[in-house]
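The values are calculated or read from the model by the stated rules, or taken from the named source; none is laboratory data. Since this is a predicted model, take the numbers as computed values, not measurements. Here the Cβ positions follow ideal geometry from the backbone for every residue, glycine too, while neighbour counts run over all protein chains shown. SASA here: full protein model, heavy atoms, side chains in, ligands and nucleic acids out. Shrake-Rupley method; radii C 1.70, N 1.55, O 1.52, S 1.80 Å.
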Amino acid sequence: MRVTLYRDHHAWCPYCQKIWLWLEEKRIPYRVRKVSMTCYGEKEPWYRQRVASGMLPAAEIDGELITESDRILEVLEARFGPLDVPLSAPAVRALRVQERDLFRAWCLWLCQPARNPAQELGFEEAFRREAERFEAALERSPGPFLLGEFSAADLVFVPFLERMGASLAYYKGHLLRQRHPGIARWFAALEQRPAYLGTQSDFHTHAHDLPPQMGGCQTRICDAQRQLAARIDEGPWPILGDEQDDPETSQPEPPNSHLLALARTLRHRQVLLRRNPLGPDSFDAPLRSALTDLASGIPCPPPPGSAAALRYLRDRISVPRDMPLHAARQLRRALERTAGLDPSDPGARPAPLPVRDRRDQDPQPFLEAAAGAAAAAESHHG
Ligand SMILES: N[C@@H](CCC(=O)N[C@@H](CS)C(=O)NCC(=O)O)C(=O)O
């Protein structure tokens with residue numbers, strides 16, 4: 001293997017997604033080493049010895065350590081060939097500049113506190129113009145992607161368009177795919193690609209992973225925002241009614257998503273029990289209730305006083321870290337439905353998710369449990 005990719009444990013870093021997707025699209029064999037972002041854990045000392053700033057991503061390519069995602073892409077391209085069109089092609093260069101313009105318009109709208117409603121509208125308008133420029137570029141193309149087939153030009157837009165869709169729905173009540181049909185068609189073409197589906201996140205994950213990374217997201221208080229944020233947090237999912245297109249994905253639910261969710265939860269059951277505010281002994285029965293619902297579709301009331309603990313877990317399912325989008329929906333649905341059957345306080349909620357950091361998502365306990373299980377298996381075989 002000639003490539004090692006250093007990316008974050010939770011698959012929250014957009015720049016890591018760019019490199020990850022490039023390697024998957026090109027089918028280059030690579031090794032992954034996961035590193036914590038400061039917003040959710042302690043940076044691993046071995047990583048700081050390699051990359052003093054601690055920034056992600058980094059890649060070791062033929063023994064050479066490279067940082068900065070654009071530089072990594074250039075080196076990968078030099079060693080393994082372009083992703084359809086070279087990064088240096090004039091059309092790709094122009095689109096990369098355009099991507100940063102769209103990115104800046106999004107950051108301004110999402111993160112800059114508006115002094116008054118007129119300024120908020122101005123931010124929205126500036127974003128709309130950039131989104132329309134992206135659609136215009138797609139219209140000029142002979143294929144579903146920017147330059148015909150999927151290429152490096154599309155790749156650089158992927159992580160941020162995904163985060164734009166999620167964050168604008170949650171914080172602004174703005175549905176990107178609905179407002180921009182060209183972007184909806186581009187996503188639909190992207191979602192035909194298994195490599196992308198493996199890296200794709202969802203609205204809930206991004207709505208809550210972005211605030212600590214961006215230094216806060218500004219909510220536009222309006223009915224559309226309130227309704228969409230409530231649906232993203234509490235369901236039911238998909239977040240719009242049956243007669244409307246799903247704003248998160250064009251893909252139908254794959255069969256057995258619920259069983260995948262079940263398998264992924266059972267794999268981490270012990271740590272999930274230990275990390276729950278109710279404590280391992282008391283959370284065992286409610287978790288069984290929710291997983292019974294998940295597996296059988298039959299509602300299963302939990303013991304009294306467990307609704308907040310079930311919702312605590314519902315709020316922490318992260319896509320694609322834990323499972324794919326549709327599986328996560330199934331698990332959130334089962335947890336929410338079970339919480340709603342709590343005989344004592346069916347509406348009880350946990351504290352809202354933190355916005356300054358996500359230390360509640362420290363990966364360390366999960367890693368220690370996995371290392372313990374591996375050591376036990378080793379000694380068993382020995
Ligand atoms: N210009 C850099 C930006 C990378 C970047 O901002 N990475 C963030 C994560 S998204 C980071 O490593 N922050 C430090 C941390 O979170 O620990 C690149 O393109 O690679």
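Cβ screening of the chain for cysteine pairs under 4.7 Å finds these without a partner: CYS39, CYS107, CYS111, CYS217, CYS222, CYS300. Computed over Cα pairs, the Kirkwood radius of the stretch 211-334 leads via Stokes-Einstein (1.567 mPa s, 4 °C) to a diffusion coefficient of 82 µm² per second.
The ratio of the alpha-carbon radius of gyration of the stretch 103-241 to the globular-protein estimate 2.2 N^0.38 Å is 1.05.
Working from the Cα coordinates of the stretch 1-135, the gyration tensor eigenvalues give, after taking √(5λ), semi-axes of 31, 22, 11 Å in decreasing order. Rolling a 1.4 Å probe across the protein heavy atoms gives the chain an accessible surface of 45 Å² per residue.
Remark: the stretch 112-193 carries a charge dipole of roughly 140 debye about the Cα centre, counting +1 on each Lys and Arg Cβ and -1 on each Asp and Glu Cβ.
For the chain, the membrane-span-like helices by this rule, meaning whole DSSP H stretches whose C-alpha atoms cover at least 20 Å of axis and whose Kyte-Doolittle mean is 0.5 or above, are 152-172; this says nothing about an actual membrane.
With Kirkwood's inverse mean 1/r over C-alpha pairs for Rh, give me the Rg to Rh ratio of the stretch 263-382, two decimals please.
Radius of gyration over Kirkwood radius for the stretch 263-382 works out to 1.00.
Within the straight-line cut-off of under 18 Å between alpha carbons, the lysines reachable from LYS43 are LYS34, sequence neighbours fewer than 8 places apart in one chain being disregarded.
For the chain, what is the relative contact order in percent, using Cα pairs closer than 8 Å and at least 6 residues apart in sequence? After rounding, I find 16 percent. Projected onto their three principal axes, the Cα atoms of the stretch 1-42 cover extents of 31, 18, 11 Å, largest first.
On the protein heavy atoms, probe 1.4 angstrom, tell me the percent of accessible surface of the chain carried by carbon and sulfur.
Working: 9290 of 17300 Å².
Whole-percent figure for carbon plus sulfur exposure: 54.
Going by a ≥ b ≥ c, the root eigenvalues of the Cα gyration tensor, does the chain fall in the rounded group (a/c under 1.5), the prolate group (a/b larger than b/c) or the oblate group? Oblate is the answer for the chain, as a/c is 1.5 or above yet b/c matches or exceeds a/b. Springs join every pair of Cα atoms under 10 Å in this Gaussian network model of the chain, and among GLU132, GLU368, GLU234 the largest mean-square fluctuation is at GLU368. Have a look at GLY143, GLY182, GLY41 and tell me which one the Gaussian network model of the chain (Cα, springs below 10 Å) gives the largest fluctuation. Looking only at GLY143, GLY182, GLY41, the largest GNM fluctuation is found for GLY143. Centre-to-centre, using Cα atoms only, the stretch 149-174 and the stretch 27-62 are separated by 24 Å. Comparing SER167, SER201, SER53 in a Gaussian network model of the chain where C-alpha atoms under 10 Å apart are linked, the largest mean-square fluctuation is found at SER53.
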